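Chemist: Here it is, the structure, as C-alpha cells.
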Amino acid sequence: MKKASPRRNNEKQRLAVIGFGRLGRACARGILADDNLELAGIVRRADRLSEKLPPPLAGVATVSHISELADVDAAVICVPTLQVFEVARGLLQHRIPVVECATLHEEAFLSHKAELDRLAIHHETSAIVGAGWDPGALSLFRGLFAILIPKGLTETSHHPAASLHHSTVAGTIVGVKKALCTELPAARGRKQRYLYVELEEGAVFEDVAKAIVADPLFLDEETLVFPVESLAEFEEEGRGIVIERHEDAACGHQVFLLEARFSETVLAARMMIAAARALPTRHHRAYSLYDLPQRVLWKGLAEVAERQRF
C-alpha cells in the first residue's frame, strides 16, 4: 500500500470513503459537493463491488482495498463502531490520515483515542476521532453551553415523542396526505408542537398551515408547521433532540435551549468532512474535535463569520 503523498497547495484534497452504508453514501455525496475536495474512491466489501453506485456517484472508483486507489490524501471511516479501530490501525500503519466517528463515550472513548494517538505518533501521521454527531457536533454544542453557563445543569432529551392524536387530526385537514406531530419542551416549561405534513398533489402549503393552526385542537399550544416531500423518508432519517442548560440559582438565571430535528447520518457526514479538511493542518497525533481550532473546521466560512453582523 502506498502512503499518503504530500499535496501541492493548488491541489484538491483527495479522500477515500471506507464503507458504503448510509454514512458512507452521505460522506461520498458530501465530498463530491465540496469544491475543495475530490473523491478518490470508495472501499467496500468484495461481494458488493458489482453493484452499481447511485447517482451522482456513478463512475466513482469502487475497490475492495484502499491500496487499489491512487493518490489518497486521507480516508473517512464509515464502518460499524466495532470495526473502526482495526480499520483505522491498518490505515495509520500505512501513513494514511483518518477521520472516524465511532460512537464511544467516557473511558471507552479516551482509551480508543489514546491508542490511536500512539499509532499516529509511531507511524508519523494524523487522526481525528469521534468526529460525527455524538460524539462530535453534539459534544461541541454541550461544551459551548457549559462555557457560557459554567455552573449549571444540562438536560438532553432524544427523540421527542410523537403525538398520535394530533397527528391523526392534522391528517384530516384538506390538502394533507400524511402528518406527524411531535411535542418539544420550550423555555420555562412551555411546549411547542412541530407538525410535519406531506401534502396532497396541488395543495398550497400556506393554506394548509393556516387551517391547521386554526383548528381548536391546536390552539392551546404554539404549533409550527413544516412541509416534507415524503413523511416515510423523513421518519426514517429524522432524529429529534432538545438540549437545555440552566444556571445554578445562586449564580443567575441564564437558560440556553437547543431544539433540533435532523438526519443524524447527514450531520455526522458533514462533521467528518469538516474534520477531514482540517487534517493537513495537524501534526502526527490523534485529535478529538475539542483539540481543533474552530477556524480549521470552518475554512472559508470563518472569514465570512468575522465580518457578519446579525
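Chemist: What's the number of the condition R29 fails, among (1) charged (D, E, K, R); (2) modelled with pLDDT of 95 or more; (3) surrounded by fewer than 16 Cβ atoms within 10 Å (Cβ to Cβ)?
Modeler: Condition not satisfied by R29: (3).
Chemist: Please verify whether the range 131-144 includes one or more residues that are in contact (Cβ under 8 Å) with a residue 12 or more places away in the chain and under 25 Å from S67 (Cβ atoms).
Modeler: yes
Chemist: Does K210 meet the test of being more than 27 Å from L289 (Cβ to Cβ), modelled with pLDDT of 90 or more and part of a helix (DSSP H, G or I)?
Modeler: yes
Chemist: Could I ask something else about it? Mind listing whichever residues of the range 31-49 are assigned to a loop (DSSP other than H, G, I, E, B), touching a residue at least 24 places away in the same chain (Cβ under 8 Å) and more than 17 Å from A276 (Cα to Cα)?
Modeler: R44, the sole residue that qualifies.
Chemist: I need a count of the residues in the range 258-278 that are surrounded by 16 or more Cβ atoms within 10 Å (Cβ to Cβ) and more than 13 Å from the chain's Cα centre (by Cα).
Modeler: 4
Chemist: Let me ask something else about it. Would you be able to tell me the number of residues in the range 105-119 that are touching a Ser or Thr at 6+ places or on another chain (Cβ under 9 Å) and over 14 Å from L289 (Cα atoms)?
Modeler: 1
Chemist: From the set of residues in the range 131-168 that are part of a helix (DSSP H, G or I), among the aliphatic types (A, V, I, L, M) and buried (at least 19 other Cβ atoms within 10 Å of the Cβ), which is nearest to the chain's Cα centre (by Cα)?
Modeler: A137
Chemist: Could you please give the count of residues in the range 14-30 that are out of contact with any Leu (no Cβ under 9 Å at 6 or more places or on another chain) and not in a helix (DSSP H, G or I)?
Modeler: 2
Chemist: Quick one: D207 ticks every box in (1) outside the structural domain of D117 (by TED's automatic domain parsing); (2) in contact with a strand residue (DSSP E or B) (Cβ under 7 Å, 6 or more places away or on another chain) except a single one, so which number is it?
Modeler: Every listed condition holds for D207 apart from (2).
Chemist: Going by the conditions given, is F234 farther than 17 Å from V169 by Cβ and either modelled with pLDDT under 90 or in contact with a Cys (Cβ under 7 Å, 6 or more places away or on another chain) (or both)?
Modeler: Yes: the conditions hold for F234.
The values are calculated or read from the model by the stated rules, or taken from the named source; none is laboratory data. In this text, all values refer to a predicted model and were calculated from it rather than measured experimentally. Please note: Cβ atoms are built from the backbone with ideal geometry, for glycine as well, and neighbour counts cover all protein chains shown.
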